[in-house]
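One structure below.
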Amino acid sequence: MKTCQHLSPYSWLALMLALTMSCIGSSDEAELYDEGEEVSELTQALSVPANMAPWCSLRTLSGSRWAFSWGSASSDPCASGLTSSPGAVIRSAGLYSTNATNKVLVQCDGAVIRTFTASGSAALRQAHDDAVARGFVDCRFVVAPGALPIFDAPFPNDAASRARYHVLHATGVDQARTPLDVREFGQTPVATGNAALVDHLGRDQRNSGGVDNHDGHDWPMDTGTPILAVADGEVIASRARNVTSFGCGADAQQEIYLLHKVGSGTYREWFVTYYAHLSRRDTIAGRMVRRGQRIGLSGDTGCSSGPHLHFGTTRLTNTTGAYRYDFAVTSGAAGMQGQHGDNAFAGRIDPYGWAAPQGVDPLAHRFLNLTDDYATPIGAWSINLWRSLSATPPNPNW
């Protein structure tokens, strides 16, 4: 049995000491239970939530060399555009909200970046008309709804269960890939200079003890807390990863990746969710799991300073750098590839969305000059992915 060692400088260590600190076995003692169904193409896609409709950004061969259109839920703007502009290619396509907030990023002529936020199709219309008025020649449009309600909490989320398992919230997604001035987001800095840690409310978190470039949410909880699939999805990896190269001790990090597809065809939106530091994995790669199904038990394995769940969310569609991103898990190699365990750090988002009093989601557009270890431009709109208030896990402060 391993001893409970505190190997990382998390400031929330005091919270850990208040929990039930039962030790768990080393990686070769961790049990794997296979629960899940064989994947079926007919069952692995989530239904598109109400009040969503498709949009399409094309590169054409003549005229302005771009086309951007949208329509009703039953429309097919890409098909219409490809018919009217032979030889055109799809640069991005997805879903927008017909009655709530949408955000649009416009990349034109290789350098110009503009953003628009408004309700319904107004944001899309503003972005289109602005590009026309400015005479831009080559534009790519990337749209994201402010909310796409598809996720439930990754653990039992009723008040009694949270009390039983001592569930708390410790730290979240760092929105600052480089330091930012939080006054831009209507917030007050906690010290002089720009903040290297910024949360989804635009707040300066540099004194919170959070982790720089943290790419998920951490919930301290008792070892053995049921970990649940946030939505129907395919298990694309279930593994014990060697993280010794990061100075995290000898025990392997028990982790699971799920792929979630929303809708179908050209406008399908793809997300990956990541569950780390488990004490037990209850499914294997290639299986289909259902919303709320137990996929494992929480633990303290790998790069961890106490029992908790690390939950990450990645967008694979309509990121700054790609229409659709080919996702792959990676080994424990050095560098960002190994540290984050997959090739999609560029598409990390906050599942609570961007909710600062003012300003634009920095993950979407502020770091286009940065790339991850795969030379992919860093950037994607964060989206509030929780289905309802009762389905939203706690995130009070960090």
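Any residue at all in segment 311-334 that's without any contact (Cβ under 8 Å) to a residue 40 or more places away in the chain and not in a loop (DSSP other than H, G, I, E, B)?
no
Before we move on, is Thr320 crowded, with 22+ Cβ neighbours inside 10 Å, out of contact with any Phe, Trp or Tyr (no Cβ under 6 Å at 6 or more places or on another chain) and at pLDDT 90 or above?
On the way: crowded, with 22+ Cβ neighbours inside 10 Å: yes; out of contact with any Phe, Trp or Tyr (no Cβ under 6 Å at 6 or more places or on another chain): yes; at pLDDT 90 or above: no.
No.
Out of contact with any Phe, Trp or Tyr (no Cβ under 9 Å at 6 or more places or on another chain), part of a strand (DSSP E or B), modelled with pLDDT of 95 or more and among the charged types (D, E, K, R): is that true of Glu255 in this structure?
No, not satisfied.
Could you figure out which of (1) within 14 Å of Thr225 (Cα to Cα); (2) buried (at least 23 other Cβ atoms within 10 Å of the Cβ) isn't true of Tyr257?
If we test Tyr257 against (1) within 14 Å of Thr225 (Cα to Cα); (2) buried (at least 23 other Cβ atoms within 10 Å of the Cβ), just (1) comes out false.
Before we move on, is Ala285 in the same structural domain as Pro226 (by TED's automatic domain parsing), under 19 Å from the mean Cα position of the chain (by Cα) and not in a strand (DSSP E or B)?
no
Where in segment 58-172 are there strands (runs of 3 or more DSSP E), lying wholly inside it, with at least 1 residues that are surrounded by fewer than 23 Cβ atoms within 10 Å (Cβ to Cβ) and among the aliphatic types (A, V, I, L, M)?
89-97, 112-119, 147-151
Residue under question is Thr314, and the condition is that it be modelled with pLDDT of 95 or more, under 14 Å from the mean Cα position of the chain (by Cα) and of a type in the set (Val, Ile, Thr); does it hold?
Yes.
Does Pro226 satisfy the criteria of being surrounded by fewer than 23 Cβ atoms within 10 Å (Cβ to Cβ) and in contact (Cβ under 8 Å) with a residue 24 or more places away in the chain?
Judged against the criteria, Pro226 is a match.
The values are calculated or read from the model by the stated rules, or taken from the named source; none is laboratory data. Source: prediction; values computed, not measured. As a convention, Cβ positions derive from the backbone with ideal geometry for all residues, glycine included, and neighbour counts pool all protein chains shown.
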